[in-house]
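Everything below concerns the one structure shown next.
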Amino acid sequence: MAAWNRRNRILSIRLSDDELRQLKLVSQDRGARSVSDLLREAMVQLVGGPHARNGIRSVPDEELLLARVHEMDQRITALQGEVSRLSAQVNAS
C-alpha cells in the first residue's frame, strides 16, 4: 500500500449494544473481515458514490436491498418475541 494511502486516522463513534450486534451480523453476512471494514466500505460508498475508489468494491443496489431486508427481518423477529413475552405476561395476570 502506498504511503499516501495509509490508514492512519481513527474515527470513534458510540453505539448501543443492539446497534453493535446488528453491525456484527451484517458484517458476517456480507463477508467483511470486521465491523470496521464494513463501515469503511459503507463510508467510501457514501462519499465516493456508486464507483468506489482505491480498490474497494462497490456494492450493487441489490446487495444493499438484501442487507436492509435482512435487518428488517431481524427487527420483526425481535418484535414478535417481545409481543409474545408481553402477551404471556398479560395472560398470567
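The values are calculated or read from the model by the stated rules, or taken from the named source; none is laboratory data. It should be emphasised that the depicted structure is a prediction, and the values quoted were computed from it without experimental measurement. FYI the Cβ positions are ideal-geometry reconstructions off the backbone, even for glycines, and counts take in every protein chain you see.
Tally time: how many residues in the stretch 19-49 are outside any helix (DSSP H, G or I), loosely packed, with under 14 Cβ neighbours inside 10 Å and at negative phi? Show your work before the answer.
Within the stretch 19-49, the first condition is being outside any helix (DSSP H, G or I), and the residues that meet it are 31-34, 49.
Keeping just the survivors that are loosely packed, with under 14 Cβ neighbours inside 10 Å gives 31, 33-34, 49.
Subset that is at negative phi: 33-34.
Within the stretch 19-49, residues that are outside any helix (DSSP H, G or I), loosely packed, with under 14 Cβ neighbours inside 10 Å and at negative phi number 2.
Which residue, of D29, D73, D17, is at pLDDT 85 or above and either of a type in the set (G, A, S) or in contact with a helix residue (DSSP H, G or I) (Cβ under 9 Å, 6 or more places away or on another chain) (or both)?
Details: D73 fails: either of a type in the set (G, A, S) or in contact with a helix residue (DSSP H, G or I) (Cβ under 9 Å, 6 or more places away or on another chain) (or both); D17 fails: either of a type in the set (G, A, S) or in contact with a helix residue (DSSP H, G or I) (Cβ under 9 Å, 6 or more places away or on another chain) (or both).
When all the criteria are applied, what remains is D29.
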